[in-house]
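*Asks:* Below is the structure I would like to discuss, written out as structure tokens.
Any read-out appearing in this document is the output of simple, stated calculations on the displayed coordinates, not a laboratory observation. Bear in mind the structure is a predicted one, so any value in this text is a computation, not a measurement. Every residue, glycine as well, gets a Cβ built from its backbone with ideal geometry; the counts of neighbours run over all protein chains shown.
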Amino acid sequence: MRLDQDWHIHTHRSKCGKPDNTVPAIAAKLDRCGVKFAGLADHIDTQEQRDWFMGVVAENRAEVGALDGSCRFLVGTEATMLAPGRCALDAALARELDFVLVACNHYHLDCVENPSTKTAEAYANHHLDMILGAASLGFVTSVSHPFTLLYGDGIDADEVLRSYSEERLTEVLRTAAEADMAFEISPYRAGNAHAWFRDLIQEARRHGTRFTLGSDAHTLDHVGYEPRDDRDPRAICESIGLTDDDLRPPPAV
Ligand SMILES: [Zn+2]
Ligand SMILES: [Zn+2]
């Protein structure tokens, strides 16, 4: 398959984005790597960041408007789900954006609710509650880095994957399809759990659930889907059985 879309790129304007990830530098690298569509997805992690974040969007839009390369850019966000019923992004601000990624597992942030019991099963269930909450918002394009526990306080990410109830996962895939909400495949991360993601993609097809591709690049080295730490993102996507037909296409111009 072609890895020619990347919905999940952080510029230097994200607090964790590196200084080299400027919009012109990202655009030049994506053109070199043959990526045709890119989404700028800087973070909004709290509702209090609203005004600051609107400034980030305005600056990203101005720089995107001045580009003359061949990669098409959209300006969106990666917004944090704070609890199953609460998102850092509100509906009015979502309407100002071209797309919205929502992270349902930013458990390392102080502002994010964690399950009261610190077990793999509790994190698995809480994460699915967060995803169902994201689906009910009505404005989410895709869930960033779903299902894998990124920041578990001593919790084993593989055990979380094994802890999902098949019944609840099916409900989540069906609900997401009804809400037109996709799930991100982050090729570098999916490579840690090939078999699990292969099964997920097969089940998702039965419900019409779609996927987006995202690098989650915070630095220029990670832009463009180049092999990283001996992991080739194209080979990983093929090994989990992802095809172009599983992908949510970028919105029409
Ligand atoms: Zn994230
Ligand atoms: Zn991210």
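*Asks:* Give me the pairs, please: first residue somewhere in region 95-118 and over 30 Å from Pro251 (Cα atoms), second residue anywhere and of a type in the set (D, E, K, R) and within 15 Å of ligand 2 (Cβ to nearest atom), beta-carbon distance under 7 Å, and either six or more positions apart or on two chains.
*Replies:* Leu109/Asp45; Cys111/Asp45
*Asks:* A further question follows. Just for region 120-153: of the residues that are out of contact with any helix residue (DSSP H, G or I) (no Cβ under 6 Å at 6 or more places or on another chain) and of a type in the set (S, T, N, Q), which one is surrounded by the most Cβ atoms within 10 Å (Cβ to Cβ)?
*Replies:* Applying the filter and picking the extreme gives Ser142.
*Asks:* Do any residues in region 6-23 that are over 23 Å from Phe211 (Cβ atoms) have Cβ atoms under 6 Å from those of residues that are away from ligand 1 (no atom under 14 Å from the Cβ) and of a type in the set (Asp, Glu), where the two are at least six apart or on different chains, and which pairs are they?
*Replies:* Val23/Glu63
*Asks:* Tell me which helices (runs of 4 or more DSSP H) are completely within region 154-253 and hold 2 or more residues being surrounded by fewer than 16 Cβ atoms within 10 Å (Cβ to Cβ) and more than 16 Å from ligand 2 (Cβ to nearest atom), or say none if there are none.
*Replies:* Values: elements: 157-163, 166-178, 187-190, 194-207, 233-239.
Per the criteria, 157-163, 166-178, 194-207, 233-239.
*Asks:* Checking the structure you have, find out if any residue of region 138-152 is in a loop (DSSP other than H, G, I, E, B), in contact with a Phe, Trp or Tyr (Cβ under 7 Å, 6 or more places away or on another chain), away from ligand 2 (no atom under 13 Å from the Cβ) and among the aliphatic types (A, V, I, L, M).
*Replies:* yes
*Asks:* Next question. In the set Thr77, Thr148, Thr175, Thr141, which member is free of Cβ contacts under 8 Å to residues at least 40 places away in the same chain and of a type outside the set (D, E, K, R)?
*Replies:* Values: Thr148 fails: free of Cβ contacts under 8 Å to residues at least 40 places away in the same chain; Thr175 fails: free of Cβ contacts under 8 Å to residues at least 40 places away in the same chain; Thr141 fails: free of Cβ contacts under 8 Å to residues at least 40 places away in the same chain.
Testing whether each residue is free of Cβ contacts under 8 Å to residues at least 40 places away in the same chain and of a type outside the set (D, E, K, R) leaves just Thr77.
*Asks:* Does Ala135 satisfy being touching a His at 6+ places or on another chain (Cβ under 6 Å), without any contact (Cβ under 8 Å) to a residue 60 or more places away in the chain and away from ligand 1 (no atom under 16 Å from the Cβ)?
*Replies:* Judged against the criteria, Ala135 is not a match.
*Asks:* Being more than 13 Å from ligand 1 (Cβ to nearest atom), in contact with a Leu (Cβ under 6 Å, 6 or more places away or on another chain) and not hydrophobic (A, V, I, L, M, F, W, C): is that true of Arg174 here?
*Replies:* No.
*Asks:* Just checking, how many residues over region 62-109 are of a type in the set (Phe, Trp, Tyr), within 16 Å of ligand 2 (Cβ to nearest atom) and over 14 Å from the mean Cα position of the chain (by Cα)? Talk me through it step by step, then tell me what you get.
*Replies:* Restricting attention to region 62-109, the residues satisfying the condition of being of a type in the set (Phe, Trp, Tyr) are 73, 99, 107.
Cutting the leftovers down to within 16 Å of ligand 2 (Cβ to nearest atom) gives us 99, 107.
Still in the list and also over 14 Å from the mean Cα position of the chain (by Cα): 107.
Total satisfying the criteria: 1.
*Asks:* Something else now. Can you pull out the residues in region 1-12 that are among the charged types (D, E, K, R) and within 13 Å of ligand 2 (Cβ to nearest atom)?
*Replies:* Taking region 1-12 as the starting set, the residues that turn out to be among the charged types (D, E, K, R) are 2, 4, 6.
Within region 1-12, Asp6 is the sole residue that qualifies.
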